[in-house]
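The structure appears below as structure tokens.
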Amino acid sequence: MNGGPSGLVVFLIVLLAPVVAQGQTPTKPRNAEIAAIALYAKEIEQFTKRNPRKKRMFGNVAGEEDKGDKWQEFKSAKKLEDENLDESAYVWLKDGKTVVAYFSFTSQSGDWYHYVTYYFRADGTLAKIHSQLNTFYGDTSVVRDKYYSSNGKRLRATTRYLDLQTQKPTKHPDFQDEPIPIYLTVRKLPFFKLL
């Protein structure tokens, strides 16, 4: 066998071919993609912290008698908070593109609050969802992370259960769950036409 670099490459390809053929490496690209998404989400979080005034604020003003959504934009956080809405969202744009939407959902009674953050790529596709449901039904916080490929396929989902008061891990409690709306693209956001 030739001892040069090309001989080594041929040797490695021959050596690794059976491993690839057996399907033992597909998780490595997936793990790398998830790690890249996690890093991107951290960069976006830093961007939002450095640019708190660049957020846009939206609220669903549809009353109980209204069916569906009736979202409108608010010019100040105080005006949005004064409305005491069940659904609201803060949105940050970077270079003219929506990169994050932070939603807050609650019940009329205030028995639960659901905070859901959507991280979008520059092309408008969903990269990650991070959510925390705080509910008095079971005194639980449920923290979920979901990672998505650019074609909308879910790559990984994790769930952690925490005690509502101490925020320490707990076993799977008995609680009333609340669904996470899935917006696979920016265009699917309920207030997209207002952006």
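In region 101-113, is there at least one residue being of a type in the set (D, E, K, R) and modelled with pLDDT of 95 or more? I'd like the intermediate steps shown before the answer.
Taking region 101-113 first, the residues of a type in the set (D, E, K, R) are 111.
When the remaining residues are screened for being modelled with pLDDT of 95 or more, the result is none.
No: region 101-113 contains no residue that is of a type in the set (D, E, K, R) and modelled with pLDDT of 95 or more.
For the subset of region 52-76 comprising residues that are open to solvent by 30 Å² or more (accessible area, probe 1.4 Å) and over 21 Å from Phe192 (Cβ atoms), which member is nearest to the chain's Cα centre (by Cα)?
Per the criteria, the residue is Pro52.
How many residues does region 132-153 hold that are among the polar types (S, T, N, Q), in contact with an Asp or Glu (Cβ under 8 Å, 6 or more places away or on another chain) and not in a loop (DSSP other than H, G, I, E, B)?
Looking only at that region, the number is 3.
What are the residues in region 100-110 that are part of a loop (DSSP other than H, G, I, E, B) and hydroxyl-bearing (Ser, Thr, Tyr), if any? If you could, list the steps in order and put the result at the bottom.
Quick first cut of region 100-110, residues part of a loop (DSSP other than H, G, I, E, B) only: 107-110.
Matches in region 100-110: Ser107, Ser109.
Considering (1) under 24 Å from Phe47 (Cα atoms); (2) out of contact with any strand residue (DSSP E or B) (no Cβ under 6 Å at 6 or more places or on another chain), say which one Gln108 fails and leave the rest.
Checking Gln108 against (1) under 24 Å from Phe47 (Cα atoms); (2) out of contact with any strand residue (DSSP E or B) (no Cβ under 6 Å at 6 or more places or on another chain), the one that fails is (1).
Among the candidates Lys193, Lys171, Lys153, which residue alone is closer than 18 Å to Phe58 by Cβ, out of contact with any helix residue (DSSP H, G or I) (no Cβ under 6 Å at 6 or more places or on another chain), open to solvent by 70 Å² or more (accessible area, probe 1.4 Å) and not aliphatic (A, V, I, L, M)? Walk me through it before giving the result.
Working: Lys171 fails: closer than 18 Å to Phe58 by Cβ; Lys153 fails: closer than 18 Å to Phe58 by Cβ.
The conditions single out Lys193.
Filter region 77-103 down to the residues that are over 19 Å from Ile182 (Cβ atoms) and among the aliphatic types (A, V, I, L, M), then identify the one that is nearest to the chain's Cα centre (by Cα).
Leu93
Just need a number here: residues in region 44-99 that are of a type in the set (Ser, Thr, Tyr) and part of a loop (DSSP other than H, G, I, E, B).
Residues meeting the conditions: 1.
Considering only region 126-133, I want to know if a residue exists there that is at pLDDT below 95, out of contact with any Cys (no Cβ under 8 Å at 6 or more places or on another chain) and not hydroxyl-bearing (Ser, Thr, Tyr).
No: zero hits.
Here is a yes/no grid of residues against (1) open to solvent by 90 Å² or more (accessible area, probe 1.4 Å); (2) under 22 Å from Ser131 (Cα atoms); (3) at pLDDT below 85:
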| position | (1), (2), (3) |
| --- | --- |
| Phe11 | yes, no, yes |
| Leu16 | yes, no, yes |
| Gly23 | no, no, yes |
| Pro26 | no, no, yes |
| Asn31 | no, yes, no |
| Ala35 | no, yes, no |
| Ala38 | no, yes, no |
| Lys42 | yes, yes, no |
| Thr48 | no, yes, no |
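The values are calculated or read from the model by the stated rules, or taken from the named source; none is laboratory data. Keep in mind it's a predicted model, so treat the numbers as computed, not measured. Backbone-built Cβ (ideal geometry, glycine too); neighbour counts: all protein chains shown. Accessible surface is based on the protein model in full, side chains and every heavy atom, while ligands, DNA and RNA are left aside. Shrake-Rupley method; radii C 1.70, N 1.55, O 1.52, S 1.80 Å.
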